[in-house]
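Down below is the structure, laid out as structure tokens.
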Amino acid sequence: MVAVRERARLNYRCKHCRATGESRYAPFVCSACPSDTKDNRVCDQHVVILDGALTPTCHDHRPHCQECAEPAVFRCAGRGCRHDKAWCARHRRQHPRDPDISYCPSCFDVTFPRCEHPRCTDIGTVRCEHVSREFRRCDKRMCTRHAARWQVFGGERMGLGLCARHSQVVGLTADEVIFRIIAGAAGGRRKERLPSLQGFAHTLRRCRHVDLAIDYPRLHRMLSTEANALRNNKQAATALERARPDWDRQLTALHDVSREGTRLVERLKGLVIEKNARSGHEVAAAIELAEYKAPSSRGGVTRPGMLFVKVPQHLRGLFIGTGGQAIRHYSEVLGVKVQIEGSRR
């Protein structure tokens, strides 16, 4: 700032203007000129600032493309370049939604990988989270249309992303299902808390391990066995140690619930005998407890108790009754919803 009548004094002169006899104020310091020189100032007409970074240079040190040595026009925003390396217009790849951000070809492919589904050109935003027994990740990339989600954490949380090859989980052995859930949850970029015992049971049931899905003590032992096998993997071991106290508490609670289920089944057998004098004893003798789920309330919504029982196929018609009249009667009297295990998917 100077007085109106005071002659301005240029403290910093442009190195390029000086050569032509001009005098312009040079507020920019060339980042490539030697730091110990005083001839490193440029004016706003001679400064070179590429797109992507506020890094000034003089004309003598204008950056050139990393690939073809042509004059550069932008600095790459990718992780490999970090706004430092310069590239020409021919090697420019713009952000799909923000034209002010540019990448070099290699950084663009890393940041926005293509979906690996044949003939798909969409961006692969979903990464396959399958982990092998040797703890090698698949990491194939798929778009949201071609990716599968394995809902092992419940409907309110994001499931494990899987590619087409690893999405076929029905038919896997029970220990393989358990391993894949633990390894996928522990090794993912977003760390997910391992499912509860009921969560594991739900997934195992959908993978056709029905008997294990209702045998919580056995399931708890399998999780402990798997924990011993995974103790050498730091991420998996940490996730298991975090979940183990919850599984112990859940097993104790489920034992109490199971005793209530046993009591309800005994009452149910008596109702079956009362309802069907001719074949009631045969049907009642064949009934077994599959699982009892106590009433619950969440978010102001109350879910009634559910009693799942095993009934031989040839006796199910007698148990259900004409038009479902008998099984509705049992539900009303017991105050829980009675359902045959395996009657629905």
Which angle between 0 and 90 degrees, to the nearest 10, do you get for helix 234-275 versus the longest principal axis of the chain when only C-alpha atoms count? 30
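Give me Rg over Rh for region 225-345, both radii from the alpha carbons and Rh done the Kirkwood way, two decimal places.
Numbers: Rg = 19.0 Å, Rh = 16.6 Å.
Result: Rg/Rh = 1.14.
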For the chain, the longest principal axis of the Cα atoms and the Cα long axis of helix 325-334 enclose an angle in degrees, to the nearest 10, of 80
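Taking a ≥ b ≥ c as the square roots of the Cα gyration tensor eigenvalues, with a/c under 1.5 meaning rounded and otherwise prolate when a/b beats b/c, else oblate, which class fits region 135-201? Write down the numbers at each step before the final one.
Details: a/c = 1.42, a/b = 1.26, b/c = 1.13.
Taking the square roots of the gyration eigenvalues as a ≥ b ≥ c, region 135-201 is rounded.
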Take the solvent-accessible surface of the protein heavy atoms, probe 1.4 Å, and return the percent of it on the chain that carbon and sulfur atoms account for. 49
Report Rg(Cα)/(2.2 N^0.38 Å) for region 1-68, keeping two decimals. 1.29
How large is Rg over Rh for region 153-311, taking Rg from the Cα atoms and Rh as the Kirkwood inverse mean of 1/r across Cα pairs? 1.05
I'd like the distance between the alpha-carbon centres of region 201-221 and region 94-114, rounded to an integer number of Å. 45
Relative contact order of region 37-163: what whole-number percent is it, with Cα pairs under 8 angstrom and at least 6 residues apart? 13
Short to long, in 20 Å steps from zero, the percent of alpha-carbon pairs of the chain per bin is 21, 32, 23, 15, 8, 2
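Kindly report the accessible area of the chain per residue (heavy atoms of protein chains, probe 1.4 Å, no ligands, DNA or RNA), in Å².
On the way: 20910 Å² over 345 residues.
Using a 1.4 Å probe on heavy atoms only, each residue of the chain averages 61 Å².
What value, in deg cm²/dmol to 500, does the helix sum -39500 (n - 2.57) over DSSP H runs of n ≥ 4 give at 222 nm once divided by the residues of the chain? Intermediate results must be reported in sequence, preceding the final value.
On the way: 10 runs with 119 residues, N = 345.
About -10500 deg cm²/dmol.
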Between the helical axis of 197-206 and the dominant principal axis of the chain, each derived from Cα atoms, what acute angle in degrees is found, rounded to the nearest 10? 80
Of G323, G161, G335, the one that fluctuates the most in a GNM where the chain has Cα springs shorter than 10 Å: G323
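The values are calculated or read from the model by the stated rules, or taken from the named source; none is laboratory data. This is a predicted model, so every value here is computed, not measured. Areas reflect the complete protein model, heavy atoms only, side chains present, ligands, DNA and RNA absent. Shrake-Rupley method; radii C 1.70, N 1.55, O 1.52, S 1.80 Å.
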